[in-house]
Amino acid sequence: SAVISQKPSRDICQRGTSLTIQCQVDSQVTMMFWYRQQPGQSLTLIATANQGSEATYESGFVIDKFPISRPNLTFSTLTVSNMSPEDSSIYLCSVGTGNNYGYTFGSGTRLTVV
Amino acid sequence: GESVGLHLPTLSVQEGDNSIINCAYSNSASDYFIWYKQESGKGPQFIIDIRSNMDKRQGQRVTVLLNKTVKHLSLQIAATQPGDSAVYFCAENTNAGGTSYGKLTFGQGTILTVHP
């Protein structure tokens, strides 16, 4: 399975600022996804990062708040913009194959907004 | 749909016992299911998966059972060990028309604690 490197692993940010999270995969993958995990809760899909086109966002998430880049088949970034304490969460990158087998997750970025 | 919970269910077992973790999924059209293990400070780790055309699948020390009639999924861990202590999530994928690969909807999770 693919190996995912996510950076940074954690950060403490001031409200009103933005943070860009990087996701690097060791092989080319068709699909990359960004999830949010709020404290003590389950994972929620933010968006699907499509190579060569704009990301597809889930209900409740918008591009202005969570802009995503996908410049190639091994890399994606998620930016959390104009942060507030409510954005404090773990943000996770995930990749999958086209055959629905075993989606792999990065180790996550633990974000605290103060 | 989104599945969240403020208070995760907990399961406490003794080392060596068998553990059963349950999950009720939401979409009768879901055709692929995964169980994940998440340890503190780490991302979810794939344990086992099952397609909707199966009702049981076995791995090493783990078995997943799928009951589509009642939309229920369970994970059985045999001879549970302290290293199995973690949060366990079920996830479902509804691959409508082949356009939804990877879009997982997660269950609320269960905290498993294994006592030596």
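The values are calculated or read from the model by the stated rules, or taken from the named source; none is laboratory data. Source: prediction; values computed, not measured. All Cβ positions, glycine included, derive from the backbone under ideal geometry; neighbour counts span all protein chains shown. Note: accessible area is taken over every heavy atom of the protein model, side chains too, but ligands, DNA and RNA are not part of it. Shrake-Rupley method; radii C 1.70, N 1.55, O 1.52, S 1.80 Å.
The table below gives the values:
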quantity	calculated
The range A:44-67, subset in a loop (DSSP other than H, G, I, E, B) and surrounded by 15 or more Cβ atoms within 10 Å (Cβ to Cβ), residue nearest to the other protein chains (Cβ to nearest Cβ)	A:Glu58
A:Ser94 being part of a loop (DSSP other than H, G, I, E, B), within 14 Å of another protein chain (Cβ to nearest Cβ), in contact (Cβ under 8 Å) with a residue 40 or more places away in the chain and out of contact with any His (no Cβ under 9 Å at 6 or more places or on another chain)	no
Residue satisfying condition, being surrounded by fewer than 21 Cβ atoms within 10 Å (Cβ to Cβ) and either at positive phi or in contact with a strand residue (DSSP E or B) (Cβ under 9 Å, 6 or more places away or on another chain) (or both), within set A:Thr104, A:Thr109	A:Thr104
So A:Ser59, is it in contact with a Pro (Cβ under 8 Å, 6 or more places away or on another chain) and under 28 Å from B:Thr110 (Cβ atoms)	no
Any hit, the range B:85-106, residues being in contact with a strand residue (DSSP E or B) (Cβ under 6 Å, 6 or more places away or on another chain), within 21 Å of B:Ser12 (Cβ to Cβ), surrounded by fewer than 13 Cβ atoms within 10 Å (Cβ to Cβ) and at pLDDT 95 or above	no
Any hit, the range B:6-20, residues being within 30 Å of A:Gly60 (Cα to Cα), modelled with pLDDT under 90 and open to solvent by 50 Å² or more (accessible area, probe 1.4 Å)	yes
Residue check for A:Tyr91: modelled with pLDDT under 95, within 19 Å of B:Phe89 (Cβ to Cβ) and hydroxyl-bearing (Ser, Thr, Tyr)	no
Breaking point among (1) free of Cβ contacts under 8 Å to residues at least 12 places away in the same chain; (2) within 27 Å of A:Gly60 (Cβ to Cβ); (3) surrounded by fewer than 12 Cβ atoms within 10 Å (Cβ to Cβ), for B:Ser28	(1)
Of the criteria (1) of a type outside the set (Lys, Arg); (2) buried (at least 17 other Cβ atoms within 10 Å of the Cβ); (3) at negative phi, which one B:Gly109 fails	(3)
Sole residue being farther than 27 Å from A:Cys93 by Cβ, free of Cβ contacts under 8 Å to residues at least 60 places away in the same chain, part of a loop (DSSP other than H, G, I, E, B) and not small (Gly, Ala, Ser), chosen from B:Thr69, B:Thr63, B:Thr80	B:Thr69
Residue within the range A:36-55 that is more than 21 Å from B:Phe106 (Cα to Cα) and of a type in the set (Gly, Ala, Ser) present	yes
Positions within the range A:1-20 being closer than 21 Å to B:Glu39 by Cα and more than 10 Å from every other protein chain (Cβ to nearest Cβ), in sequence order	A:Ala2, A:Val3, A:Ser5, A:Lys7, A:Pro8, A:Asp11
Residue match in the range A:54-64 (condition: closer than 23 Å to B:Ile34 by Cβ and charged (D, E, K, R))	yes
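Let's see how each residue does on (1) open to solvent by 50 Å² or more (accessible area, probe 1.4 Å); (2) basic (Lys, Arg); (3) within 14 Å of chain A (Cβ to nearest Cβ):
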| residue | (1), (2), (3) |
| --- | --- |
| B:Ala24 | yes, no, yes |
| B:Phe46 | yes, no, yes |
| B:Arg51 | yes, yes, yes |
| B:Lys56 | yes, yes, no |
| B:Arg61 | yes, yes, no |
| B:Leu65 | yes, no, no |
| B:His72 | yes, no, no |
| B:Pro82 | yes, no, no |
